[in-house]
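Read the structure below first, then the notes.
The values are calculated or read from the model by the stated rules, or taken from the named source; none is laboratory data. Just so it is clear, the model here is predicted, and its values are computed rather than measured. Don't worry about glycine lacking a Cβ; one is built from the backbone with ideal geometry, like all the others, and counts go over all protein chains shown. Side chains are part of the model used for accessible areas, which takes the heavy atoms of the whole protein and leaves out ligands, DNA and RNA. Shrake-Rupley method; radii C 1.70, N 1.55, O 1.52, S 1.80 Å.
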Amino acid sequence: MITDANSSVVEATPVQEFIPGSDRGNSDGAEIPRLLRSFRHFIVLAFLGSVFLPPLAYLSSPSIGEVIPSPGEFYLKVGLYGVPALAAIVGLYLLLLKLEPYLLKESLDQAAFLETIPGRSLSIAIAASAALSLFLELAVIRWQGSIFEFFAFYKNYGLLACFAGLGLGYALSRSKEGIPLILTLPLLTWQFGLLIALRWGLPNRPYSLETIPFREQLNMGLTATWDQIGVVYLLLTVVFLLTALAFVPVGQLCGKLMERKSQLPAYGFNLLGSLAGVLLMFLVSFLWTPPVVWFGLCFVILLFFFVPEPRTLLLGMGIALVALMTLAWPVNPLWNKIYSPYQSLDIGYSPNGLMLIRAAGHYYQRVHNLSSAAIEASTDPALRATRDYYDFPYRVRPSASEVAVVGAGSGNDVAAALRSGAQHVDAIEIDPAILLAGKTNHPERPYDDPRVRPIVNDARSFLRTTQSHYDLMVYGLLDSHTLLSQASSVRLDSFVYTVEGLREARSRLTPNGVLSLSFSVLNDALGTKIYQMMKQAFDGKEPLCFFPSYEGAQVFMQSKNGDLSIPPAVLWEAHVAERPEFYRNSAIKVDLSTDDWPFLYMPRRVYPLSYLVVLGLILLLTFVLYASFFRQRPKFSHLPFFFLGAGFMLVETKAITEMGLTFGNTWQVIAIAIASILVMAFLANGIVQRLRVSGTFFIYFLLFVSLAVGWWVATSGGLSSTTAGRIGTAVILTCPLFFSGIVFSTLLSAESRISSVMSMNLMGAMCGGVLEYNSMYFGFHFLYLLALGLYAAALLSGLAFRRTAVLPALRT
């Protein structure tokens, strides 16, 4: 017998779910070593990959001018390294065997300690564990993106690894014992040390680990060879295992605490804790704090749940101290590292003393001193060519008084506008850290000029809402090195470079205003795509194309009326080549970026087949994890919660993307959007508790209607950018999440094991995260239809299992 959320006594019915053991989760003496043994095997597997990653990365990343080893030499070197590596692996295995009695005792003590938490403190403990899980998840995803660019562009990978670990932990929480919580600390420390060593500790730069193994999107950097792609996949496997294994004890902690409370109140406090985790990340992002602060806060909360014994607490604090020292280690003291709310930035200086900026370890921006005094004193022709590039738009529109610089960055374009006599300059830059670096370090001090108005905002949002009009609008080599959020595959700049975004920019030009778009074009297909987008945004008027001699940049220009012409003398003075026929006669087929399909770096709308390899790797590793911990095949009585999790993930992704498009892709908007989603789920849970909702048919109907309305509004062009329109957009985006929350809480109130429900729901969220990549081919509007199908599957599976439960009762 169990007590449900309404304090009524109901009979516990057999549920079919993931159960760790041969006797439906009833733990016995043989079960516990099996759980620890499975965990030990995966630790050894992760260590095996970690040991071989450094030599493989080193050998597959030859320095410039270095002779590439032959296959025979390559395998010989790996083989020679493999002897001590295998010895280390055997040593780790024997050490884990010796520690197994201690870990077994620690897991038993951990379970006993959680049972002693008094009832009056249980709600706070549930909220604190949920806050820990979400804050740690966000911290890990953010930190991984600051080490390797792959994780900055594909944050979904880290998110799915966290989900896999949390889901497995929730499933294991039904067992009296399990995986000791203290193991989270060494696993995180291991990941910190490994990634930092791979990024900065090898004798040469690890080019193989900086490659992107996806062919559908263009990326800066080297073209990956097959051996380098293999090394990247090994890195992804190791990182997935280390992340998932570190989150298993955390999910187990959350599940064990929630099992002690009625379902709906427990879920409500879990949501409150998740909201607190989001707000805490909002705070540390606002303060530009480094990872030491993020993980320090996580470790403090984690230690509160440790067994209150001196040996355990001292060991935990010691490992936490090592982890924080690893994070704080000055890998490159000559560079100043700043963690802006968006990305990791390294501020350094070139040999001429001018500032350089790297994002996630890669070149991003540089400052130039292009003042007249510097040009006259220099004999470097490259400096003159750089000055010509930045001054070129102002030669085309010499009388420009009102200027907007989109992607103002460290201030080079702003300084050019001031040198050309602009009376007012709106400098739009989304990252406040880059703006501050430019204000502090630019030799021409453009941001100190009273004619300049620095604007920290998303360019698309600003241009959509401003009432100003400009004689000249300059896109200053705007390029994002990070994603909009961890749940989306959209970059920060994606909605700037769409046909709709360019049309909105054109609408902010004065009658004779000119739009100048500069971009480092990676290949002719990308250049053709930008050319065609400009052409469509200007009602079929072809833009003028120029090829200046600066970092591979190409310039696309057109006036508001589409009649821009430039005297040859201007081009000669600027040393710029015009090639109008280059893209006009291009036979390359491209698909244009739109607000529904905002993937600038995909020249063609093709299905992301290379992504399927990584997604298949995620699913395979998750399956192996679950299969290793559970003897029985999963029985799917909780299948509705799986589909609800998948549908919720898709709608959440769509909501975050649309909220960013409507209100701006700033970190504040994204944080508020995520917090609002949690608030809607909390309100839905409260309504079910207060009104004692029991039926779901009508709620499903409202859910389907809200999704259909959202799809119709999105495909019709969306609501206006007025205040009423933006409020309407927010309501349309959040209503499906609210109704989905009511359905989830209603079904949850009839279940007996909340930890099993949460596990299945997280597995569904993983599936939704995988399905989100379909937007790269079908567009984001398609997510509405996909979510409709998933919610329909939740309804039908619920009806099917209800029928199978009722028929035997009727026969008796």
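Here are some notes:
- Packing-based ranking, highest mean first, of 762-774, 596-608 given that Cβ atoms within 10 Å are counted: 762-774, 596-608
- Checked against a 21 Å cut-off, the cross-linked pairs Lys98/Lys176; Lys337/Lys439; Lys560/Lys654 give Cα-Cα distances beyond that limit for Lys98/Lys176; Lys560/Lys654.
- In the chain, taking the dipole from charged Cβ atoms about the Cα centre, the farthest positive-side position among Tyr700, Pro511, Cys767 is held by Tyr700.
- Rounded FRET efficiency, nearest 0.05, which uses the C-beta distance separating Phe701 from Tyr349 and R0 of 41 Å: 0.05
- Over the chain, DSSP H runs of length four or greater, each weighted -39,500 (n - 2.57), average out per residue to a 222 nm ellipticity of -20500 deg cm²/dmol.
- Solvent exposure ordering (accessible area, 1.4 Å, most first) of Val570, Val414: Val570, Val414
- Full extension of the chain segment joining Leu283 with Ser565 gains 96.5 nm, where the gain is 0.36 nm per residue of separation less the Cα-Cα distance.
- For Asn665, the residues whose modelled amide H falls within less than 5 Å of its own, excluding neighbours fewer than 5 places apart on the same chain, are Asp458, Ser461.
- Using 0.36 nm per residue and subtracting the Cα-Cα separation, the extra length available between Asp596 and Glu309 on full extension is 97.8 nm.
- Placing +1 on each Lys and Arg Cβ and -1 on each Asp and Glu Cβ, with no other charges, gives the chain a dipole about its Cα centre of roughly 1620 debye.
- The stretch 545-588 shape via C-alpha gyration tensor axes, a/c threshold 1.5: oblate
- Those chymotrypsin sites (Phe, Trp or Tyr not before Pro) in the stretch 285-368 that DSSP places in a loop and that have at most 15 other beta carbons within 10 Å: Trp288
- Share of carbon and sulfur in the accessible area of the stretch 332-462 stands at 52%, probe radius 1.4 Å.
- Rounded to the nearest 20 debye, the dipole magnitude of the stretch 522-625 is 280 debye, with +1 charges on Lys and Arg beta carbons, -1 on Asp and Glu beta carbons, and the Cα centre as origin.
- Using C-alpha pairs below 8 Å separated by at least 6 residues, the relative contact order for the chain is 16 percent.
- Sorting the segments 446-453, 241-248 by their mean number of nearby beta carbons within 10 angstrom, highest to lowest, gives 241-248, 446-453.
- Given charges at Cβ of Lys, Arg, Asp, Glu: the chain dipole, positive-most of Ile687, Ser133, Leu302: Ile687
- Label-point separation in nm, Ala374 to Val300, each point 7 Å along Cα→Cβ: 4.3
- Partner aspartates and glutamates whose Cα lies under 19 Å from the Cα of Lys589, excluding those fewer than 8 positions away in the same chain, are identified as Glu216, Asp524, Glu542, Glu581.
- Carbon + sulfur, % of accessible area of the stretch 611-678 - ligands and nucleic acids excluded, 1.4 Å: 73
- Three-way shape call for the stretch 535-675 based on the alpha-carbon gyration tensor, with the a/c threshold at 1.5: prolate
- Computed E for Asp227/Leu97 - FRET, C-beta separation, R0 35 angstrom, nearest 0.05: 0.50
- Accessible surface computed residue by residue for the chain, with neighbouring protein chains in place and a 1.4 Å probe, gives 39 Å² per residue.
- Cα-Cα separations in the chain greater than 49 Å, expressed as whole percent: 22
- Ordering Ala404, Thr379, Ala416 by the projection of their Cα atoms onto the charge dipole of the stretch 378-429, which places +1 on the Cβ of Lys and Arg and -1 on the Cβ of Asp and Glu, puts Thr379 at the extreme positive end.
- Prolate/oblate/rounded label for the stretch 599-699 (Cα gyration tensor, a/c 1.5): oblate
- Once the gyration tensor of the Cα atoms in the stretch 637-685 is diagonalised, the equivalent ellipsoid follows with semi-axes of 24, 13, 6 Å, ordered largest first.
- At an R0 of 41 angstrom, the distance between the Cβ atoms of Arg579 and Ala88 translates into a FRET efficiency of 0.10.
- Taken about its Cα centre, the stretch 537-589 carries a charge dipole of about 180 debye when Lys and Arg each add +1 at the Cβ and Asp and Glu each add -1 at the Cβ.
- Length released on extending from Ala750 to Ser507, taking residue separation times 0.36 nm less the Cα-Cα span: 82.0 nm
- Spin-label model, Tyr363/Ala724: points 7 Å from Cα along the beta carbon direction are separated by 5.2 nm.
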